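Worksheet: the structure to be examined is printed underneath.
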Amino acid sequence: QVQLVESGGGLVQPGGSLRLSCQASGTMFGIYARGWYRQAPGNQRELVAVITSGDSTTYAESVKGRFTISRDNAKNTVYLQMNSLKPEDTAVYYCYAQHPSKAYWGQGTQVTVSS
């Protein structure tokens, strides 16, 4: 089992920055990708960014050039640096870890971009 705990969400003005963290605990053997999804009210959950065990990264088109995903293996932590935030980035952000047999999810952290 893998447990994921997100932190770093909050309220920020348009153009501002936030850094989300996702710390994992438990058995990480077999986890081949970690990343972030988000879900805004009335919308489906959508992929934001992924980083694989080989450090390959993928981003949603809407966040390319503004968001950066990274990881610290020693801390079992994945980060999402979010710059130039827009009101449309407002959502609950969920961390996940992908195993061949299942996906693990965090509880989510709210990000609100508003003046």
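The values are calculated or read from the model by the stated rules, or taken from the named source; none is laboratory data. Everything numeric here is computed off the predicted structure, so don't read it as measured data. FYI the Cβ positions are ideal-geometry reconstructions off the backbone, even for glycines, and counts take in every protein chain you see. Accessible surface is based on the protein model in full, side chains and every heavy atom, while ligands, DNA and RNA are left aside. Shrake-Rupley method; radii C 1.70, N 1.55, O 1.52, S 1.80 Å.
Can you say whether F29 is aromatic (F, W, Y) and either under 24 Å from S115 (Cα atoms) or open to solvent by less than 20 Å² (accessible area, probe 1.4 Å) (or both), as far as the supplied structure shows? It is false that F29 is aromatic (F, W, Y) and either under 24 Å from S115 (Cα atoms) or open to solvent by less than 20 Å² (accessible area, probe 1.4 Å) (or both).
Only one residue in V2, V48 is in contact with a helix residue (DSSP H, G or I) (Cβ under 7 Å, 6 or more places away or on another chain), buried (at least 19 other Cβ atoms within 10 Å of the Cβ), β-branched (V, I, T) and touching a residue at least 40 places away in the same chain (Cβ under 8 Å). Which one?
Numbers: V2 fails: in contact with a helix residue (DSSP H, G or I) (Cβ under 7 Å, 6 or more places away or on another chain).
Exactly one of V2, V48 is in contact with a helix residue (DSSP H, G or I) (Cβ under 7 Å, 6 or more places away or on another chain), buried (at least 19 other Cβ atoms within 10 Å of the Cβ), β-branched (V, I, T) and touching a residue at least 40 places away in the same chain (Cβ under 8 Å), namely V48.
The condition (being farther than 15 Å from Y93 by Cα and either in contact (Cβ under 8 Å) with a residue 12 or more places away in the chain or open to solvent by less than 20 Å² (accessible area, probe 1.4 Å) (or both)) is satisfied by just one residue among A24, A60: A24. The set of residues from the stretch 1-16 being of a type in the set (A, V, I, L, M) and at pLDDT 95 or above comprises L4, V5, L11, V12.
Only residues that are touching a residue at least 40 places away in the same chain (Cβ under 8 Å) and outside any strand (DSSP E or B): list them for the stretch 102-115, please.
First, pick out the residues of the stretch 102-115 that are touching a residue at least 40 places away in the same chain (Cβ under 8 Å): 104-115.
Listed by number, the residues that qualify are G106, Q107, G108, S114, S115.
Looking at R19, R38, just one residue is buried (at least 16 other Cβ atoms within 10 Å of the Cβ) and charged (D, E, K, R), and that residue is R38.
From the list K86, K102, which residue is modelled with pLDDT of 95 or more and either open to solvent by 20 Å² or more (accessible area, probe 1.4 Å) or in contact with a strand residue (DSSP E or B) (Cβ under 7 Å, 6 or more places away or on another chain) (or both)?
Every option except K86 fails the conditions.
Only residues that are modelled with pLDDT of 95 or more and in a helix (DSSP H, G or I): list them for the stretch 63-74, please. Residue satisfying the conditions is V63 alone. If we scan the stretch 21-44, do we find a residue that is out of contact with any Asp or Glu (no Cβ under 9 Å at 6 or more places or on another chain) and in a helix (DSSP H, G or I)? Looking for residues that are out of contact with any Asp or Glu (no Cβ under 9 Å at 6 or more places or on another chain) and in a helix (DSSP H, G or I), one finds none in the stretch 21-44, hence no.
Of all the criteria given as (1) touching a Phe, Trp or Tyr at 6+ places or on another chain (Cβ under 9 Å); (2) closer than 24 Å to S115 by Cα, the one not satisfied by Q13 is (1).
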